[in-house]
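The structure under discussion is supplied below as structure tokens; questions concerning it will follow.
The values are calculated or read from the model by the stated rules, or taken from the named source; none is laboratory data. On a predicted model such as this, the values are computed, not experimentally measured, just so you know. Here Cβ is always computed from backbone atoms with ideal geometry, including for glycine, and neighbour counts include all displayed protein chains.
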Amino acid sequence: MENHATLKFFADFIEAELGIIYVEANYFQLEHRLKDIAVQLGYSDLTALHHAASAGIIGPMKSLLLDLATNNETSFFRDQALFRALSESMIPDLIKDGNKPLLNIWSAASSSGQEVYSIAMEIDQARSVNLSVPHMKILASDVSETILKRAEMGEYSQLEIQRGLSSKMLLHYFDKNDQDKWVIKSIYKNGITFKKINLLHYWGGIGTFDIIFCRNVLIYQSVENKIKIIKEICNHLNPGGYLLLGAAESLFGLSHDFEQLVHGGAVFYRKK
Ligand SMILES: C[S@@+](CC[C@H](N)C(=O)[O-])C[C@H]1O[C@@H](n2cnc3c(N)ncnc32)[C@H](O)[C@@H]1O
């Protein structure tokens with residue numbers, strides 16, 4: 001195995017940037033991935049990469065290191081009941097007073113975009129049966145620039161499409177391009193903006209939202225980081241706004257600022 005100090009240097013950087021901890025038992029995995037990065041950036045070995053990184057981790061090296069540590073697993077309509085709850089419960093509640101011209105939504109760890117396009121499709125479907133459902137503005141963000149670019153392209157392989165999308169929805173919302181990839185129709189990208197945001201660092205002036213999806217990202221964080229991120233999310237939610245977490249995540253022990261709701265088996269949270 002490579003010099004322990006070299007691996008610890010990169011593990012410390014990843015922990016400071018992403019809150020993701022590489023325990024020493026997993027250093028062999030880290031070493032393998034770092035060696036790939038050294039090759040991609042044209043360094044002779046890991047020691048040379050370490051030497052260059054000591055002068056500052058910026059640009060492509062930083063992007064590759066963040067990509068190395070993140071898990072981008074996602075699919076269309078992941079946790080389907082939650083999307084039903086979005087159109088059957090959360091949106092009707094948000095528009096019940098009739099004074100919401102636009103729904104402001106944030107997909108805070110959007111990965112390759114399946115989540116954000118699922119939100120757009122669900123709302124479009126809801127509007128097709130109820131014209132009082134307002135248009136939406138969605139902010140899609142992720143810490144990984146590479147994955148964010150993929151999300152913005154909205155282009156998916158047959159395999160990715162098969163994960164969660166029915167043929168009916170596919171044919172309605174996607175076109176096939178000449179590389180045999182399915183591309184979301186540009187009209188359904190209207191109102192969506194993409195921005196690099198690290199949930200652990202300053203988010204910038206992103207405003208407030210009616211609904212925030214923060215799914216399958218807190219799971220990798222320490223309790224301390226989870227509490228900090230949820231507090232900030234709460235500050236960025238309008239009163240009565242909704243927070244949606246992943247199926248294996250909950251606010252238990254992390255916040256008293258939300259009430260837990262259940263609809264059709266889906267669990268979600270409303271800001272008190
Ligand atoms: C497992 S995916 C979840 C994607 C989607 N939300 C879903 O549930 O299907 C986790 C995403 O969180 C992103 N991520 C990890 N740490 C992050 C951080 N500190 N700030 C923002 N995004 C982060 C990763 O790049 C990855 O795309």
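Return the only residue of 168, 181 being exposed (fewer than 14 other Cβ atoms within 10 Å of the Cβ) and either among the charged types (D, E, K, R) or at pLDDT 95 or above (or both).
168
Of all residues in the range 201-239, which are assigned to a loop (DSSP other than H, G, I, E, B) and within 16 Å of the ligand (Cβ to nearest atom)?
201, 202, 203, 204, 206, 214, 215, 216, 217, 221, 222, 236
Let's see how each residue does on (1) within 16 Å of the ligand (Cβ to nearest atom); (2) loosely packed, with under 15 Cβ neighbours inside 10 Å:
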site	(1), (2)
12	yes, yes
17	yes, no
27	no, no
35	no, no
40	no, yes
58	no, yes
61	no, no
64	yes, no
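Here are 217, 267: which of them is out of contact with any strand residue (DSSP E or B) (no Cβ under 7 Å at 6 or more places or on another chain) and either surrounded by 16 or more Cβ atoms within 10 Å (Cβ to Cβ) or more than 27 Å from residue 21 (Cβ to Cβ) (or both)?
After applying the criteria, what remains is 217.
Which condition number in (1) in contact with a helix residue (DSSP H, G or I) (Cβ under 7 Å, 6 or more places away or on another chain); (2) at pLDDT 95 or above is the one that residue 100 fails?
Against the list (1) in contact with a helix residue (DSSP H, G or I) (Cβ under 7 Å, 6 or more places away or on another chain); (2) at pLDDT 95 or above, residue 100 comes up short only on (2).
In addition: Being among the acidic types (Asp, Glu), closer than 27 Å to residue 196 by Cα and not in a loop (DSSP other than H, G, I, E, B) is the filter here; which residues of the range 50-88 pass it?
The answer is 67, and nothing else.
Oh, and also: With the structure loaded, tell me whether residue 251 is away from the ligand (no atom under 14 Å from the Cβ), in a loop (DSSP other than H, G, I, E, B) and surrounded by 18 or more Cβ atoms within 10 Å (Cβ to Cβ) or whether it fails that test.
Considered against the rule, which asks whether it is away from the ligand (no atom under 14 Å from the Cβ), in a loop (DSSP other than H, G, I, E, B) and surrounded by 18 or more Cβ atoms within 10 Å (Cβ to Cβ), residue 251 comes out as yes.
Tell me, yes or no, whether the range 140-148 has at least one residue that is closer than 27 Å to residue 16 by Cα, polar (S, T, N, Q), assigned by TED's automatic domain parsing to the domain that holds residue 94 and surrounded by fewer than 18 Cβ atoms within 10 Å (Cβ to Cβ).
Yes, the conditions are met somewhere in the range 140-148.
Oh, and also: Looking at (1) crowded, with 24+ Cβ neighbours inside 10 Å; (2) under 20 Å from residue 168 (Cα atoms), find the lone condition where residue 87 falls short.
Among (1) crowded, with 24+ Cβ neighbours inside 10 Å; (2) under 20 Å from residue 168 (Cα atoms), residue 87 violates only (1).
Within the range 124-149, how many residues turn out to be among the aliphatic types (A, V, I, L, M) and touching a residue at least 60 places away in the same chain (Cβ under 8 Å)?
Counting residues in the range 124-149 that are among the aliphatic types (A, V, I, L, M) and touching a residue at least 60 places away in the same chain (Cβ under 8 Å) gives 3.
Within the range 89-122, take every residue that is under 20 Å from residue 246 (Cβ atoms), assigned to a helix (DSSP H, G or I) and in contact with a strand residue (DSSP E or B) (Cβ under 8 Å, 6 or more places away or on another chain) and give me the one that is nearest to the ligand (Cβ to nearest atom).
Only one residue fits best here, namely 115.
Taking into account only those residues within the range 148-200 that are more than 16 Å from the ligand (Cβ to nearest atom) and in contact with a Lys or Arg (Cβ under 7 Å, 6 or more places away or on another chain), which is nearest to residue 105 (Cα to Cα)?
Result: 191.
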